Amino acid sequence: MNKIIITILIFSIGAVAVYLIFSVQNPNFENLSPEEMYKQIIEKRDYAINQAVARGDFRCCITPPCTMCYMEANQ
């Protein structure tokens, strides 16, 4: 009986620890400061453009590629 309780307790502590680590590393976007929001948006935009270029879905007439055509209606 004691082994079951200890196992459940260890599992629970581990689950809480994993949750806390995950929530610290990946905070909700709504809880970020405006500067942090801006940084994440730019990083995700640049990543998306790089992925689109690699697939051949995005071609820009400027080298290095600008972001206007990706972000605006000229896709």
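The values are calculated or read from the model by the stated rules, or taken from the named source; none is laboratory data. All values derive from a computational prediction rather than experimental measurement. Heads up, the Cβs are rebuilt from the backbone with ideal geometry, glycines too, and the neighbour counts pull from every protein chain shown.
Some observations on this one:
- A search for C-beta distances below 8 Å between a residue of segment 48-70 that is in contact (Cβ under 8 Å) with a residue 24 or more places away in the chain and any residue that is β-branched (V, I, T) and in a helix (DSSP H, G or I), counting only pairs 6+ apart in sequence or on different chains, returns Y70/I49.
- Criterion: in contact with a helix residue (DSSP H, G or I) (Cβ under 7 Å, 6 or more places away or on another chain), of a type in the set (A, V, I, L, M, F, W, C) and on the phi < 0 side of the Ramachandran plot - qualifying residue of I13, I21, I49: I49
- Each residue in segment 65-75 was checked for being surrounded by 12 or more Cβ atoms within 10 Å (Cβ to Cβ) and more than 21 Å from F29 (Cβ to Cβ), and 3 pass.
- Residue check, C69 modelled with pLDDT under 80, in a helix (DSSP H, G or I) and hydrophobic (A, V, I, L, M, F, W, C): yes
- Segment 19-33, subset within 25 Å of T67 (Cβ to Cβ) and over 12 Å from the mean Cα position of the chain (by Cα), residue surrounded by the most Cβ atoms within 10 Å (Cβ to Cβ): L32
Here's the yes/no breakdown for (1) surrounded by 10 or more Cβ atoms within 10 Å (Cβ to Cβ); (2) not in a loop (DSSP other than H, G, I, E, B):
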site: I4; (1), (2): no, yes
site: A17; (1), (2): yes, yes
site: E35; (1), (2): no, yes
site: A52; (1), (2): yes, yes
site: T63; (1), (2): no, no
